[in-house]
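Reviewing the structure listed below.
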Amino acid sequence: MFSYRHGFHAGNHADVLKHITLIALLQHLTQKDTSLTVIDTHAGAGLYRLDGDYANQSGEADEGILRLLKQKTEDETITAYRAMIAQFNSGNTLSQDTKVYPGSPFITQKLLRYDDRLRLFEMHPNDYRALEGNVEQLRVNRQVAVKREDGFESLKSLLPPPKSATGSRRALVLIDPSYEIKTDYQKVELAIQDALKRFATGCYAVWYPIIPRQEAHGLPRRLKTLASQAGKPFLHATLNVGGTGLDMDAVGTFAAHRTGNVSRGLSASGMCIINPPHTLKATLDAALPELVRYLGRGKGQGFTVD
Ligand code: SAM
């Protein structure tokens, strides 16, 4: 049913944007002394080999995280991201020693406190099995739960999140679909619309590809409209590494790229955040120019945060 495998794309520039944003969100949200529920609706396998067949075949990490690790940076969030990856690689930040790349579940788990909870959903049978096995190794018992369920549907049952000991409810929801089927764009929109009704104060982070496809192009505008209808703030950040651009296949689908058949395919992606922490804009304004400098491939490269 699903042909998309994140292993081809782990550590590419889109992951870099997504995971740096995720770290910035979690760093802020875990400062408050009340527990947090994190829901990752499209979790992937959790851990990826950068020296394995998938990564070697696509070469995407070489132009993403592995290139970033060769650079010096003083940016705090990029430094935290590098340190995070080092924790999965015997403490090394040197690119040649980086063999394992953590996906969103593992980046999140590293930043959680004892009372925080992580709820993961993954539909692909192989990635689900890998995720379940990887999470078992963490031995964190009830803090992390993994289910082979549709993340869009299951989100409904988790909102609003349970009350913390102080009586407040806090949640971060990451929605990171493969967009393998074009209905994913509408599903994201419906999921956000429904989630805002159930829990308007949650922080919602959505990744999307910037490709010449109407559904993708319109998604940030539609999410911004949903946020403003709910009276909530919205932030939109994009990273474009420029260069060759997307080699759309004849039928104009994103699937070829997403299955790893089109190397260097995607050149830009974005993150939409509803209820962003007040610190997020400044954090991304500082980090994204460095990402463009280090990952940029030429014509069209750039970033936006607004
Ligand atoms: N969030 C992960 C990360 O940052 O490391 C990457 C996730 S990848 C882009 C999207 C994943 O969603 C794929 O592993 C795919 O199998 C899975 N998937 C696709 N449709 C799904 C659905 N309806 N519910 C849950 N998972 C789904």
Expected output for region 190-216 (first residue among the polar types (S, T, N, Q), partner surrounded by 15 or more Cβ atoms within 10 Å (Cβ to Cβ), Cβ below 7 Å, 6+ apart or cross-chain) is 193/226; 201/275
Residue 54 vs (1) among the aromatic types (Phe, Trp, Tyr); (2) surrounded by 22 or more Cβ atoms within 10 Å (Cβ to Cβ); (3) at pLDDT below 95: all pass except (2)
Checked region 282-306 for anything under 17 Å from the mean Cα position of the chain (by Cα) and either part of a helix (DSSP H, G or I) or at pLDDT below 95 (or both); matches are 283, 284, 287, 288, 291
The residue that is surrounded by the most Cβ atoms within 10 Å (Cβ to Cβ), considering only those in region 119-158 that are more than 25 Å from residue 8 (Cα to Cα) and within 12 Å of the ligand (Cβ to nearest atom), is 155
Out of (1) more than 9 Å from the ligand (Cβ to nearest atom); (2) buried (at least 23 other Cβ atoms within 10 Å of the Cβ), the one residue 46 does not meet is (1)
>> Just to be sure before I move on: is residue 183 among the polar types (S, T, N, Q) and in contact (Cβ under 8 Å) with a residue 60 or more places away in the chain in the structure I sent?
In response: no
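Looking at region 1-26 only, could you name the residues that are outside any loop (DSSP other than H, G, I, E, B) and within 10 Å of the ligand (Cβ to nearest atom)? Write out each step before concluding.
Filtering region 1-26 down to residues outside any loop (DSSP other than H, G, I, E, B) leaves 6-8, 13-26.
The answer is 6, 7, 14, 15, 18, 19, 22.
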Exception for residue 181 within (1) at pLDDT below 95; (2) more than 9 Å from the ligand (Cβ to nearest atom); (3) closer than 25 Å to residue 11 by Cα falls at (2)
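The values are calculated or read from the model by the stated rules, or taken from the named source; none is laboratory data. This is a predicted model, so every value here is computed, not measured. We place every Cβ from the backbone using ideal geometry, glycine too, and count neighbours over all the protein chains shown.
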